[in-house]
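**Q** The structure's right below; bear with me while I get my questions together.
Just so it is clear, none of the values below were taken in a lab; they were calculated from the coordinates. Only a predicted model underlies this, so the values are computations on that prediction, with no experimental measurement involved. All Cβ positions, glycine included, derive from the backbone under ideal geometry; neighbour counts span all protein chains shown.
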Amino acid sequence: MQKILEMLKLQQELNDATNGTGWEDGLTKNGKIIDWKRCIYMESAELIDSFAWKHWKAINKAPDWDNIKVETIDIWHFALSLLLQEYKLQNLGSLEDLAEKIVAQEAYKTFCSQEATRNDGELYKIVKMVENMMFDVLKPNDFNLDAFINDFFTMALNCGVDLNILYSLYIGKNVLNRFRQGNGYKEGTYIKVWDGNEDNVVMLDIMAKNPSYGVNDLYKALEDRYKKL
């Protein structure tokens, strides 16, 4: 529960800083409409495209498991945001209450007790899991919080993401998102490709080479690399 609670707190802080306090009402401080459900199904489509699902193109291509993990973490950012919004708007309780809600789900218990799988032969089964989660947020007036949480964790585990991977990559992507916002991402001046690699890849490389890095260390490392562009 501690890891879930920490991620919820970090997401709340990131959303407050990026969108302004009161973002749960559906508008940013700049007056832009926020739609976390749309964010989730758009990222889900990108995740599906990491599998060779097309019957007419590159039919024997192996799944891009590294990108699948990154897309899963992107979806998790938006999932946390949606859950935070739902809890606030429906007055369902505190961050601690939400964390308890998440860890009480059956799929989360499985998520914590099993290692993530990576099975190239389960392509369509995994894509269906992603679509199940997408359908949860595509229902305009019938959003089921429990079903969404369970479907996310079932999907994540089969996409090669377990609790330790989810936590580690979430922290890394959260830092990168804060770095982006501090360096012109919203204004469109941010440079996303660093010496031929997307910043996601650079962030993962820094984390792999420096597993002991904390949040501030990773931010500083990104800052140092960015200054050299």
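**Q** May I have the convex hull volume per residue, in Å³, for the Cα set of the stretch 17-157?
**A** Once divided by residue count, the hull of the stretch 17-157 is 131 Å³.
**Q** Out of residues 5 or more away from Leu27 or on other chains, whose amide H comes under 5 Å of its own, with H placed 1.01 Å from N in the peptide plane?
**A** Ile34
**Q** Lys and Arg at +1, Asp and Glu at -1: add these up for the other residues within a Cβ distance under 15 Å of Lys228 and post the number.
**A** So the environment of Lys228 carries a net charge of -2.
**Q** What number comes out for the charge environment of Leu95, summing +1 per Lys or Arg and -1 per Asp or Glu over other residues with Cβ under 12 Å away?
**A** -2
**Q** Could you tell me whether the stretch 1-51 comes out rounded, prolate or oblate from its Cα gyration tensor? Rule is a ≥ b ≥ c as square roots of the eigenvalues, rounded for a/c under 1.5, then prolate if a/b exceeds b/c, otherwise oblate.
**A** Note, shape of the stretch 1-51 comes out oblate.
**Q** Then there is this: Between the stretch 18-74 and the stretch 143-222, how far is it from one alpha carbon centroid to the other, in angstrom?
**A** 13 Å
**Q** Additional query: For every helix of n ≥ 4 consecutive DSSP H residues, a contribution of -39,500 (n - 2.57) applies; sum these over the chain, divide by its total residues, and give [θ] at 222 nm rounded to the nearest 500 deg cm²/dmol.
**A** Here the helix-only value at 222 nm equals -21000 deg cm²/dmol.
**Q** Starting from the 7 Å offset along Cα-to-Cβ, what nm value, one decimal, do you get for the label separation of Ala17 and Lys209?
**A** Roughly 2.4 nm, to one decimal.
**Q** Go through the stretch 87-96 residue by residue and turn each phi into a ³J(HN,Hα) via Karplus (6.51, -1.76, 1.60, θ = phi - 60°); whole Hz please, and just put x for glycine and proline.
**A** Rounded to whole hertz, the list is 5, 6, 5, 8, 6, 8, x, 8, 4, 5.
**Q** Here's another thing I want to ask about it. How far apart, in nm, are the 7 Å Cα→Cβ label points at Gln90 and Asp120?
**A** Placing both labels 7 Å along Cα→Cβ, they lie 4.2 nm apart.
**Q** Pop out the ³J(HN,Hα) list for the stretch 139-155 in order, Karplus 6.51 cos²θ - 1.76 cosθ + 1.60 with θ = phi - 60°, rounded to Hz; leave Gly and Pro as x.
**A** Residue by residue, the stretch 139-155 yields 7, x, 10, 9, 7, 9, 4, 5, 4, 4, 4, 5, 5, 5, 5, 4, 5 Hz.
**Q** Against the empirical 2.2 N^0.38 Å scaling, what ratio does the C-alpha Rg of the stretch 124-229 come to?
**A** 1.32
**Q** Here is a further query. Taking a 29 Å limit on the Cα-Cα distance, which of the listed pairs Lys54/Lys220; Lys29/Lys220; Lys3/Lys227; Lys88/Lys109; Lys101/Lys173; Lys69/Lys186 fall beyond it?
**A** From Lys54/Lys220; Lys29/Lys220; Lys3/Lys227; Lys88/Lys109; Lys101/Lys173; Lys69/Lys186, over 29 Å: Lys54/Lys220; Lys3/Lys227.
**Q** How much length would be gained if the chain were fully extended between Glu106 and Glu6, taking 0.36 nm per residue of separation minus their Cα-Cα distance, in nm to one decimal? List each step's numbers first, then the result.
**A** Details: separation 100, 0.36 × 100 = 36.00 nm, distance 2.06 nm.
Extra length from Glu106 to Glu6 when fully extended: 33.9 nm.
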